[in-house]
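Below: one structure, written as C-alpha cells.
The values are calculated or read from the model by the stated rules, or taken from the named source; none is laboratory data. No experiment lies behind these values; they were computed from the predicted model shown. We place every Cβ from the backbone using ideal geometry, glycine too, and count neighbours over all the protein chains shown. Only protein heavy atoms, including side chains, enter the accessible area calculation; ligands, DNA and RNA are left aside. Shrake-Rupley method; radii C 1.70, N 1.55, O 1.52, S 1.80 Å.
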Amino acid sequence: MSSNPAASHVDPADFKLVREVLRSAGLRASESDASSDVKREASLFLSAEYRNGVRTKSALLYSLDNRRQSSNRASLDPQPKDSAVDRWQDEGGR
C-alpha cells in the first residue's frame, strides 16, 4: 500500500501532457524516424519525470533534451575496453 495514494493516481490529463511533449520532440507521430524502442524509452523517462515533479511542457522538453545530449556524449566517447583493462591493471588488478 502506498503511503501517498494521490501520487500513485495518474490523471488522463497527465498522459496528455506527456504525449504532447513526445509529439513536440518528434517522438509521437507514426511518421517519426525514431525507433519504437527510443519512443518507448522517452515515454517512460517523461512519465518518471512527471511523477518526480516536472509538470510543465517546457520543463519536460528541457529534461528530454538534456537526456538526449548526455546519451549522445556517452555514445560518442566510449572508453575502449583495452584502456579500461590497462587502468585496472595499473591500479593493482590481476
- Query: Going by the structure shown, is Arg67 under 12 Å from Asp14 (Cα atoms) and not β-branched (Val, Ile, Thr)?
  - Reply: no
- Meets criteria (aliphatic (A, V, I, L, M), under 17 Å from Asp65 (Cα atoms), in contact with a Gly (Cβ under 8 Å, 6 or more places away or on another chain) and at pLDDT 80 or above) for Ala34: yes
- Among the residues of segment 45-64, which ones are under 15 Å from Ser24 (Cβ atoms) and of a type outside the set (A, V, I, L, M, F, W, C)? Glu49, Tyr50, Thr56, Lys57, Ser58, Tyr62, Ser63
- Query: Taking segment 12-41, which residues are open to solvent by less than 70 Å² (accessible area, probe 1.4 Å) and in a loop (DSSP other than H, G, I, E, B)?
  - Reply: Ala25, Gly26, Leu27, Ala29, Ser32, Ala34, Ser35
- Considering only residues of segment 42-94 that are in a loop (DSSP other than H, G, I, E, B) and modelled with pLDDT under 90, which is least open to solvent (accessible area, probe 1.4 Å)? Gly93
